[in-house]
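What follows is a short report on a single structure.
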């Protein structure tokens, strides 16, 4: 027996019109980086960065590999040593074979200030700090070094005393090359011996330095003025358009019949474009060739001192990009870890509104969160990196690149081209985003490496 006195809601809903949302997509992010970069319209698809000539510089890292549980140097990477840059391959191999492996523990003193620099140390794994006694007797931290970095090249080359002490911050492994091995190969190779002598005398060029312009200043009287000119790079770097691309397929009966109140073709296209833009931001950050993280100059890399990102660490980045720094870019978990460190020190970062959202800032520079920044290691205990950049052509910073125009352009640098209907009544659309990013001058970028995101504090 039915005791209901009115029409049931379930039955009534059959006659109702549902209010529908457009399709939602979890993968859409604010993409702050794409919004922060100034975009340059490239006419011909090629963007050439002309620079003043600099002395050749590598990545300031010597690579290693493991074979049967033993670590070895990659001989070619010994060219990171300035006077070995033109050395014969056989000589590099011989020198690499002389190295021997040492392990160390956290807190262990690897070298003391004043010790004879009998070995060149190459860190395979682990972090260490360089410290020196300052002018007024204070204990001064010079630098934190990590995987692939080496010390101390100048003292080892000249067979002098260490100018600082080195203490391990973490357990690790290093490879060491004996000074006598360098002396033996230099004795047999006249070219190397000459290059080594020039380096030790200070006559050799400083890697990464710009070729000098001869000037005179502050003279009294009528001295003869030097003549000069500014050297340009012979082969400046060219950036070609990269792309993210896909073919979107929509059946005609779907587009014809099911397009109200939401146009199915437009909805499909919008979500596809969002996915392309997400890929675009990821490539600008991480692409092995033009990605920003892979284009940081050696002298612009900073190791996190204690693992967690601290105000001191971000200040070190600001000291690297001190000319008009614009934005930090970091994984959201790194920004959260930085906030915890600020809270622990009682210096909470200021929040500012940028791009319509509240963002943390440090020294007035916004921290842009991006989930495209790599987070390495196990969940909850990984490490990441924090980027700092200057932006804009006028500031000799970082710029985004896009073509000035493309056929069937739907947005700047993005094309949606109708490829027609096939025999299965499927309409295909070629969706392409063209882009790149360029670093105009090396000091426009700096990166904080080895950032841990899993350190929490008890504030009670």
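The values are calculated or read from the model by the stated rules, or taken from the named source; none is laboratory data. Predicted model, so just to flag it, every value in this text is computed and none were measured. With ideal geometry, Cβ positions are generated from the backbone for all residues, glycine too; neighbour counts draw on all protein chains shown.
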**Asked** For residue 103, all conditions in the list (1) in contact (Cβ under 8 Å) with a residue 24 or more places away in the chain; (2) in a helix (DSSP H, G or I) hold save one; what is the number of the exception?
**Response** (2)
**Message:** Among the listed residues 95, 91, 37, identify the single one that is closer than 30 Å to residue 367 by Cβ and surrounded by 15 or more Cβ atoms within 10 Å (Cβ to Cβ).
**Reply:** 37
**Request:** Within region 407-416, track down each residue that is under 22 Å from residue 46 (Cβ atoms) and not in a loop (DSSP other than H, G, I, E, B).
**Result:** 409, 411, 414, 415
**Request:** Output the strands (runs of 3 or more DSSP E) that fall wholly within region 314-392 and possess 3 or more residues being in contact (Cβ under 8 Å) with a residue 24 or more places away in the chain, or say none.
**Result:** 327-330, 357-362, 365-369, 383-389
**Message:** If residue 137 satisfies all but one of (1) free of Cβ contacts under 8 Å to residues at least 40 places away in the same chain; (2) under 24 Å from the mean Cα position of the chain (by Cα); (3) in a loop (DSSP other than H, G, I, E, B), what's the number of the condition it fails?
**Reply:** (2)
**Message:** Being farther than 22 Å from residue 291 by Cα, touching a residue at least 12 places away in the same chain (Cβ under 8 Å), crowded, with 21+ Cβ neighbours inside 10 Å and touching a helix residue (DSSP H, G or I) at 6+ places or on another chain (Cβ under 8 Å) is true for just one of 453, 439. Which residue is that?
**Reply:** 453
**Fill in**
Apart from one, (1) touching a helix residue (DSSP H, G or I) at 6+ places or on another chain (Cβ under 9 Å); (2) over 26 Å from residue 337 (Cβ atoms) all hold for residue 384; the odd one out is (2)
**Request:** Consider residue 64 carefully, then state whether it is modelled with pLDDT under 85, under 28 Å from residue 196 (Cβ atoms) and surrounded by 14 or more Cβ atoms within 10 Å (Cβ to Cβ).
**Result:** no
**Request:** Scan region 400-433 for residues that are within 30 Å of residue 333 (Cα to Cα) and out of contact with any helix residue (DSSP H, G or I) (no Cβ under 9 Å at 6 or more places or on another chain) and report the count.
**Result:** 1
**Request:** Residue by residue through region 273-301, note down the ones that are within 23 Å of residue 415 (Cβ to Cβ) and touching a strand residue (DSSP E or B) at 6+ places or on another chain (Cβ under 6 Å).
**Result:** 276, 279, 280, 284, 290
**Asked** So which residues in region 245-285 are in a loop (DSSP other than H, G, I, E, B) and either in contact with a helix residue (DSSP H, G or I) (Cβ under 9 Å, 6 or more places away or on another chain) or within 30 Å of residue 389 (Cβ to Cβ) (or both)?
**Response** 258, 259, 263
**Prompt:** Does any residue of region 9-22 turn out to be touching a residue at least 24 places away in the same chain (Cβ under 8 Å), in a loop (DSSP other than H, G, I, E, B), under 26 Å from residue 265 (Cβ atoms) and in contact with a helix residue (DSSP H, G or I) (Cβ under 8 Å, 6 or more places away or on another chain)?
**Reply:** yes
**Asked** If you go through region 107-124 one residue at a time, do you hit one that is free of Cβ contacts under 8 Å to residues at least 12 places away in the same chain and either more than 27 Å from the chain's Cα centre (by Cα) or not in a helix (DSSP H, G or I) (or both)?
**Response** no
**Complete:** Within region 286-309, residues being part of a loop (DSSP other than H, G, I, E, B), touching a helix residue (DSSP H, G or I) at 6+ places or on another chain (Cβ under 8 Å) and closer than 22 Å to residue 377 by Cα number 7
**Asked** Hey, any hits in region 86-98 for a residue that's under 24 Å from residue 294 (Cβ atoms) and at pLDDT below 90?
**Response** no
**Prompt:** On the given criteria, is residue 187 in a helix (DSSP H, G or I) and exposed (fewer than 12 other Cβ atoms within 10 Å of the Cβ)?
**Reply:** yes
